[in-house]
1. Considering only region 198-222, how many residues are of a type outside the set (Val, Ile, Thr) and either under 23 Å from Thr55 (Cβ atoms) or surrounded by 14 or more Cβ atoms within 10 Å (Cβ to Cβ) (or both)?
2. For Ala105, work out the one condition from (1) among the small types (Gly, Ala, Ser); (2) over 18 Å from Tyr201 (Cα atoms); (3) buried (at least 24 other Cβ atoms within 10 Å of the Cβ) it doesn't fulfil.
3. What are the pairs, 6+ residues apart or on separate chains, where a residue within region 155-173 that is under 23 Å from Ile125 (Cβ atoms) has its Cβ under 7 Å from a residue that is basic (Lys, Arg)?
4. Tally time: how many residues in region 223-243 are farther than 18 Å from Ala65 by Cα and surrounded by 16 or more Cβ atoms within 10 Å (Cβ to Cβ)?
5. Return yes when Ala222 is small (Gly, Ala, Ser) and either in contact with a Gly (Cβ under 8 Å, 6 or more places away or on another chain) or under 30 Å from His13 (Cα atoms) (or both) and no when it is not.
6. (1) in contact with a Leu (Cβ under 8 Å, 6 or more places away or on another chain); (2) assigned to a helix (DSSP H, G or I): which one isn't true of Ile180, the others all being true?
7. Among the helices (runs of 4 or more DSSP H) confined wholly to region 17-127, which include 2 or more residues that are among the aliphatic types (A, V, I, L, M) and either within 12 Å of the chain's Cα centre (by Cα) or closer than 29 Å to Glu168 by Cβ (or both)?
8. Sort out which residues of region 46-71 are among the charged types (D, E, K, R), surrounded by fewer than 17 Cβ atoms within 10 Å (Cβ to Cβ) and modelled with pLDDT of 95 or more, and write them in order of number.
Amino acid sequence: MAYQHLNIARNGHVAQVTFNRPEKANALNFDHLLEIETAALEFRDDLETRVVIFTGAGKHFSSGADLSDPGEAYQVPLALRRRRTRIGERAIQALYAMDQITVAAWNGAAMGGGACITTAVDFRIGADDCFMQYPEVDIGLNLMWKSLPLITHLVGPARAKRLVAGGERIVAQTLLDWGILDQLVPRSELLDSARRFAEHYAAKPPAAVQMIKQSVNHIVSALDSSIMHMDVDQNLFSASSEDRRAAVSAYLNSERAQFTGD
């Protein structure tokens, strides 16, 4: 398949997928997310590739949802909107379920949906300029894409609440200290370091590695879908609230919102 928003390069047993919307800080619109899902699923039939590195072109890994997207994919009846709103969830689940070992070469920002992607892969190599933030709460929304369990598995409940309910931004050294990053390297060494990390796993017996990966994922995420099955509906509900409107207005006008719980 020809991709508009992704570049995919293969070298031996390692592939690199680069998010290629640098002019938008690799923000995620519907088409970009659809391409991520499609690419992840296409690796199912790729026996040569054993490790896939994900990174962002330009300064940032991904700034999250594309707020400049006109949203034409969502201006449809509610029943269809619920399905299309799941495109982010579908992309994250396709990444999480990949047979290959997956590695984020994390440059700059991973915000919102970008942070969801970093938690859906197996390992994270961070540049010294990388940072994470879930800003959804500050515009009156819950975290979707079945990604709340992913960050909770990595950092535990209290820190997950700080990130998702508190909207805290954490920088590279804290990401390493909290166990989100597996390695922290200078920006100039990011891709080379990710490649060396990937080669370590690419040299292992692929069937054994892939079975181990799948078993570990099932151990930690066995209840995720049953708990998070309604996060899209929660998002549609919260998006219709007065607090959501107040949050968006305050955000656009650089003001402090006053919330009523309505």
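1. Adding up the residues that qualify gives 12.
2. Result: Ala105 fails condition (2) only.
3. Taking only residues 6 or more apart or on different chains, the pairs are Glu168/Arg162.
4. 4
5. yes
6. (2)
7. Per the criteria, 30-42, 87-96, 113-120.
8. Asp46, Glu48, Lys59, listed by residue number.
The values are calculated or read from the model by the stated rules, or taken from the named source; none is laboratory data. Owing to the predicted nature of the structure, the values given are computational and were not obtained by experimental measurement. Positions of Cβ are backbone-derived with ideal geometry, glycine not excepted, and every protein chain shown enters the neighbour counts.
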